[in-house]
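One structure is given here, and the rest of the page talks about it.
The values are calculated or read from the model by the stated rules, or taken from the named source; none is laboratory data. Predicted model only: the values in this text are computed from it and were never measured. Here the Cβ positions follow ideal geometry from the backbone for every residue, glycine too, while neighbour counts run over all protein chains shown.
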Amino acid sequence: MGRVLNAEVTPLPWEVSRGAGSIIIVVATDAPLLPYQCRRLAQRATIGLGRVGGVGHNGSGDIFLAFATGNHIPYDARKPSPIHYLPNRQMNPLFYATVEAVEESILNSLTAAETMVGQHGRTAHALPLDRLQTLLTGKENMG
């Protein structure tokens with residue numbers, strides 16, 4: 001879609017070199033996970049980003065974080081507290097959910113964005129959703 005709905009259709013607020021930009025993705029779950037499992041979950045966010053065309057470029061500051069709230073450790077604990085964690089063999093559904101949630105959240109943010117004027121009068125234009133819908137339904141030639 002980006003080749004059709006390019007800067008001529010949806011002008012950019014300033015000249016941007018190809019591959020410029022960064023993204024921060026935060027994955028949150030209420031599953032009981034250990035820190036290394038959160039790290040593994042955060043790594044799956046890159047797959048969701050890739051599904052919508054993000055590949056990462058030199059100089060981009062992409063950050064992927066994940067946290068889990070499945071364990072509740074008392075603030076004033078004075079002795080070791082028991083924790084639970086999901087066995088590694090049961091992580092696959094969380095990996096799939098992470099990929100799909102990241103992909104969906106990026107698509108939602110692109111289609112929910114509104115045209116806005118920012119610093120120095122720069123205008124960031126919203127995607128023309130009517131044209132996008134026409135392209136997606138195949139009623140307009142993308143060539």
Okay, helices (runs of 4 or more DSSP H) sitting entirely in the range 32-143 with 2 or more residues that are touching a Gly at 6+ places or on another chain (Cβ under 9 Å), within 30 Å of E15 (Cα to Cα) and not aliphatic (A, V, I, L, M), I get 35-51, 92-112
The number of residues in the range 21-31 that are under 24 Å from V55 (Cβ atoms), out of contact with any Cys (no Cβ under 9 Å at 6 or more places or on another chain) and outside any loop (DSSP other than H, G, I, E, B) is 3
Of the residues in the range 84-143 that are of a type in the set (A, V, I, L, M, F, W, C) and over 26 Å from G50 (Cβ atoms), the one that is nearest to the chain's Cα centre (by Cα) is M116
When the range 12-31 is checked residue by residue, the ones that are out of contact with any Gly (no Cβ under 6 Å at 6 or more places or on another chain) and at pLDDT 70 or above are L12, E15, G21, I23, I24, I25, V26, V27, A28, T29
With the first residue restricted to the range 66-86 and required to be without any contact (Cβ under 8 Å) to a residue 24 or more places away in the chain, and the second required to be assigned to a loop (DSSP other than H, G, I, E, B) and small (G, A, S), Cβ contacts under 8 Å at 6 or more apart or on different chains are I73/S81; P74/S81
Per the filter on the range 102-134, residues in contact with a strand residue (DSSP E or B) (Cβ under 6 Å, 6 or more places away or on another chain) and either polar (S, T, N, Q) or surrounded by fewer than 13 Cβ atoms within 10 Å (Cβ to Cβ) (or both) are M116, V117, T123
Scanning the range 59-89 for residues that are loosely packed, with under 10 Cβ neighbours inside 10 Å and at pLDDT 95 or above, the one nearest to A28 (Cα to Cα) turns out to be P87
task: Would you check if T111 is over 25 Å from P35 (Cα atoms) and polar (S, T, N, Q)?
output: yes
Filter the range 87-123 for residues that are out of contact with any Leu (no Cβ under 8 Å at 6 or more places or on another chain) and among the aliphatic types (A, V, I, L, M); the one that is nearest to A42 (Cα to Cα) is V99
